[in-house]
1. Sorted by accessible area with a 1.4 angstrom probe, largest first, how do Leu520, Leu559 fall?
2. With r as the distance between the Cβ atoms of Ser328 and Arg565 and R0 = 51 Å, compute the FRET efficiency 1/(1 + (r/R0)^6) and round to 0.05.
3. Run the numbers for Arg572 and Glu37: contour at 0.36 nm per residue of separation, minus the present Cα-Cα distance, in nm.
4. From the mean inverse distance of alpha carbon pairs (Kirkwood) and the Cα radius of gyration, derive Rg over Rh for region 375-431.
5. Which loop GluC sites (Glu not before Pro) in region 496-571, with loop taken from DSSP, have no more than 12 other Cβ atoms within 10 angstrom of their Cβ?
6. Using a 1.4 angstrom probe on heavy atoms only, work out the carbon and sulfur share of the accessible area of region 498-551 in %.
7. Bin width 10 Å, origin at 0, all Cα-Cα pairs of region 338-480: what percent of pairs per bin?
8. For region 419-505, just the Cα atoms, rotate onto the principal axes and tell me the three extents in Å, largest first.
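The values are calculated or read from the model by the stated rules, or taken from the named source; none is laboratory data. The model shown is predicted, which means the values in this text are computed figures rather than measured ones. A quick note on method: Cβ atoms are made from the backbone with ideal geometry, for glycine too, and the neighbour counts reach across all protein chains shown. Just so you know, the surface numbers come from the protein's heavy atoms only, side chains and all, with ligands and any DNA or RNA stripped out. Shrake-Rupley method; radii C 1.70, N 1.55, O 1.52, S 1.80 Å.
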Amino acid sequence: MKDIYDVLKEFEEKEKQESARSGQIKADTAPLEAVKEELQKVASTEPVNPPSTQESPRPAAQMNGEESSPLPSSQPRETDDIPEGFAALGEEPQPPASPTGQQTESPPQALPPYGQQTSPPYGPPSYPPYGQGGQYPPAYRAPVSGPPPYPNTGNPWQPGTSGQNPPPPPYPPRSPMGFQPEAPVKKKNRTFKVLAIIVCCIFGASVLGFGGLGIYNLVTGKDPFAGFSSSSSAPSQPDNNDNHGIQGGTASAPPFQIGDTPVTSQPISEDGILTPTQIYEKVSPSVVAITAIVPQSGTFEESSNSYGSGIIMNAEGYILTNAHVLGSASNTFQVKLANGEEYMASFIAADTKTDLGIIRIDAPGLVPANFGDSDSIVIGDDAYAIGNPGGPNLQSSLSVGHISGINREVIVNGNSEIPYIQTDAAINPGNSGGALINQYGQVIGINTVKISGSSYEGLGFAIPITQAQPYIDQLLVNGRILGRVRIGASFQVIDAARAVANNLPEGLYVYSIQSDSDLLNAGVQTGDVITQCNGHKLTDVSVFKQLIKDKQPGEQVELTVFRRRSGNTPEREFTVNVKVLEDVDTAFQMAAP
């Protein structure tokens, strides 16, 4: 069975073909129709005088004051092929010859007065419409008034009798132009046929469908419409019977149910590795949100506040964070716990060189974090970061990543006291001071900084907790870092490639010297290169710091210095003894613990 759209398409194609065919027929018959119309105009405008045996009245019509002239009579014409009593198309009929062989001449006819309504032949023609039969064939004259010459015959017309009707059928009626009218062609109603076909198709499909449902019901004994409601609105509520709210059916069906989430215990594995969910549940209560409120005079702007994170160190309320989160000891600090409780905190200590800071709150029921050994981590270990990116509005957010690197030298605020842990766990502004956690749920680092920019992604750094521990202890006990020493100069590393390019030895290029440095007393100048310290080759600044960190302030170290040729002074290498200085951070006002 054809699809309904195929039937409609076929119907449209046939309609187009029929329309094109009709247009072609009209175009072919257009010249003939034009000739017919022209001949009709000629036939309807030429006056025809009916034959009469009576004397015609004298014309009396005048136009513009002049007497009208009678029309001349028609001249006889040879009509060998026209029967007597008939006239050729457009000519006057000639009466039959008299027995004496002379032709009787009819008197001329006069025109009717101007503006008066007349009867044919001068008025509108009384011919019937084109293609319709009339009382008499329109191509012939009206019969002469009076009784027919043969009243007792069924056919009053006889050949040779003047002014009589033409022969009756079988001669068909003629049109005014002498053409046989064509019967109108009946156009087939294709639209009705197509609609009938569509209705039949729909009816047949309905019969087959309902018949199949009936057979299904008889075979299975089930209602095929069970489960469908008679309303298109919201589904009805289930009643107390066994149908479970399904209307119109006798068979019961189980209701749609949403089961409870199974409560399964997630024990810690034998190796102590926790799932991310277990890690979050364990550590998130120990991470807080910190707001450092900067004192202002006049206007108060929220944008001047500093936001960060912190880690609860112990039940006494000590919180570990970054020094750059605190900003200054004169700021006011507000702490928000993971449960939403807020407390005002007091400043304990901070150190900008290590970027470590400590504050304290007085709150009951605090959950201290469990700190782990950061020296035991390896690259590729799982790493988790918990903090407050963007501030307290996104408090206790968890991000997951890995340990990407260890012992990274990163300069923060001009300092690189401690090498950092690198991770690809997301660290954003507000995460500073938060926890970097290993797969055992232990805090192994303090999230501090990230490298941002369109060309960087996933470069976060955290202070390793094991290397930060001695500094934290000093901040808790002394309020500052004691015993830290410095040379009092800034350096630039000259590696092997730069040494060859600049004709210099490898070492530390003296970039600047502080005013209190003992290097000035030893004769060291900017532009010199320090190649050794106490006999150890210097390849990096971190190596230099490691060699002097165990020294006490005032103790001396031996340095090997290279100086290139300048003017008349030849290049030379010499050794000096330089005292180390105590490195005291004065950025924060220290408070008593």
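1. On the way: Leu520 90, Leu559 0 Å².
Largest accessible area first, the residues go Leu520, Leu559.
2. 0.55
3. Details: separation 535, 0.36 × 535 = 192.60 nm, distance 12.94 nm.
Taking Arg572 through Glu37 to full extension adds about 179.7 nm, to one decimal.
4. 1.03
5. Answer in residue order: Glu555, Glu571.
6. Carbon-and-sulfur percentage of accessible area, whole number: 44.
7. With 10 Å bins starting at 0, P(r) equals 11, 41, 37, 10, 0.
8. Between the extreme Cα coordinates on each principal axis of region 419-505 lie 52, 40, 24 Å.
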